[in-house]
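Report on the structure given below.
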Amino acid sequence: MPAQNLVYYGSSNKPVSNSGNQSLQSGDDSVLSIHDEASYKKVTEEMYKQNFELAIRNKTLSVLRTLYAITMTSFDVGEIAQRIVDTVAKELNFNAVLINVVDYQEKVLRPLAITQSPDILQAIELMGKSFSELIVALDDTSNLIIDAIKDKERKITGNILDILVPFAVQEVADEIDKIIKVKTLIVYPLILGEKAIGALTIGLGKRVDDLSRAEKETLEELIDVVTIALDRAQLHQKLSQINTELQSANEKLQELDKLKDEFVSLASHELRTPMTAIKGSISTILEGYAGEVSKESRDFLTAAYNENDRLIRLVNNLLNISRIEAGRFTFTVVKVGMDKLISEVINNLQMAAKEKNLYLKYETDGELVPVFADIDKVKEVLINLIGNALKFTHEGGITIKASRKDNMIVVSVADTGHGISKEDQDLLFKKFSQVGSYTKQVGGTGLGLYISKQIIEGLKGKIWLESTVGQGSTFFFSLPVVSA
């Protein structure tokens, strides 16, 4: 076929001839001269190639945007993986796409998602197992996917059996190959940091050498997106699972706590009745109503009386704890004169102070206005605070003060004991807390201050302490005054 004279136009839009490589118009305009049909064909092919690469690039960007959107619309690992493989296979025209995840705890590779085309489903049936059963041990390096994960590098094969072992033999693999028509399988390990979390396997209907540069770049970019999506979904799933387990454990603990409270309440009620009877009986004997009591017998009976009294206080504390935590801790609030109340408690405890050679005194700025309070419960607080002071003081004594500050009456109980360190002070008002080795030696339940705090705060007051090691401790509580 004779060479053709073709006329093109330069930038000035004036004709240019290819005959003899002569320009039909002189000047600085750009010109394109084509000598023959071969040159024209080469230019056309190059333009087609560039257009193809551009189309692939645009398609890749579109797919990547879709994949990013998928990761934002769900946190379910299986759902995200399935939508990824379906999108990639459809939009990029791949014969098959498979995602596996590594289960390091069970030391296996689990199938997560695969293209849901009729051909793929038929191929799975030929192996005689469901897709979820295609689990491979991590030490089975005869499987190419395991090999890629172990080496942390891409693997390529033209034999589909390489990714199907140990579930298929060559004859079955050949049948599967006829169905899905895959010429090349590329296995990409999904690496996050230094750890492989899974693998993405792509099945192509052509050889790797036939892939364009743009197609190869597309595959590489897919790996990063799939890795991030899978890791994000797995992390959320783990957090969700942990949250569910914690919630279940919390519900069980609440149920056990409720049963414990019910048991303590029942046991305390059952214990208090006989102990109260025992206390009354011993008191009757000590007072001589059953006849004269010898000194030795009186000592034994007094010890029994005191221990029984201690047990009654313990049972009462347990009952109060049970009521507090069950929301059944009620108050009978009336106008209370604090002077009289404090004096009564001090008089009852003077004998205990004298037995330890300690002073127990009360100081006030004058007659105090009444407060709103529950008489019995405020007495319980005072007995607890003064009782603790007596227990932990060996020289000196205890001073109780009361004064008005704004709309509150503030009561303080100061001792000359050992004092409490700053770090231990934060633990004092917590249930069952006992601070310092000396406190544990002296004994106690660690319930008194916790109950005292619940009482004072329940009466709209506050309770706190000030203490320095070696200088003693002062406990304060405040209660609102009766408005005029």
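The values are calculated or read from the model by the stated rules, or taken from the named source; none is laboratory data. None of these values were measured; they are calculated from a predicted model. Neighbour counts run over all protein chains shown; Cβ positions are idealised from the backbone, glycine included.
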Just to check your reading of the model, which residue among S142, S132 is in a helix (DSSP H, G or I), exposed (fewer than 14 other Cβ atoms within 10 Å of the Cβ) and on the phi < 0 side of the Ramachandran plot?
S132
Within the range 207-222, tally of residues that are closer than 23 Å to D147 by Cβ and either surrounded by fewer than 17 Cβ atoms within 10 Å (Cβ to Cβ) or among the acidic types (D, E) (or both):
5
Exclusive hit being hydrophobic (A, V, I, L, M, F, W, C), in a strand (DSSP E or B) and surrounded by 13 or more Cβ atoms within 10 Å (Cβ to Cβ), set A389, A414
A414
Filter the range 308-331 for residues that are more than 14 Å from K260 (Cβ to Cβ) and not charged (D, E, K, R) and give the result.
N308, L311, I312, L314, V315, N316, N317, N320, G327, F329, T330, F331
Kindly list the number of the only condition in (1) touching a strand residue (DSSP E or B) at 6+ places or on another chain (Cβ under 9 Å); (2) modelled with pLDDT under 95; (3) hydrophobic (A, V, I, L, M, F, W, C) that fails for I451.
(1)
Would you check if T141 is under 20 Å from A196 (Cβ atoms), within 31 Å of the chain's Cα centre (by Cα), among the hydroxyl-bearing types (S, T, Y) and assigned by TED's automatic domain parsing to the domain that holds Y188?
no
Could you give every pair whose Cβ atoms fall below 7 Å, whose first residue belongs to the range 301-316 and is in the same structural domain as L266 (by TED's automatic domain parsing) and closer than 14 Å to G448 by Cα, and whose second residue is basic (K, R) and assigned to a helix (DSSP H, G or I), counting only separations of at least 6 or pairs across chains?
I312/R272; I312/K279; V315/R272
Return the residues of the range 222-254 that are out of contact with any helix residue (DSSP H, G or I) (no Cβ under 8 Å at 6 or more places or on another chain), of a type in the set (G, A, S) and either at pLDDT below 85 or under 20 Å from E79 (Cα atoms) (or both); say none if nothing qualifies.
S240
Could you please find all residues in the range 172-209 being among the aromatic types (F, W, Y) and free of Cβ contacts under 8 Å to residues at least 12 places away in the same chain?
none
Give L253, L246, L271 a once-over and let me know the one that is hydrophobic (A, V, I, L, M, F, W, C) and over 28 Å from K453 (Cβ atoms).
L246
Taking the range 193-216 as the region of interest, how many residues are in contact with a Leu (Cβ under 9 Å, 6 or more places away or on another chain), under 14 Å from A89 (Cβ atoms) and not aliphatic (A, V, I, L, M)?
2
If you check every pair at least six apart or on different chains, which have Cβ atoms under 6 Å apart with a residue in the range 241-269 that is of a type in the set (G, A, S) first and a residue that is part of a helix (DSSP H, G or I) and surrounded by 12 or more Cβ atoms within 10 Å (Cβ to Cβ) second?
S265/S322; S268/V315; S268/L318; S268/L319
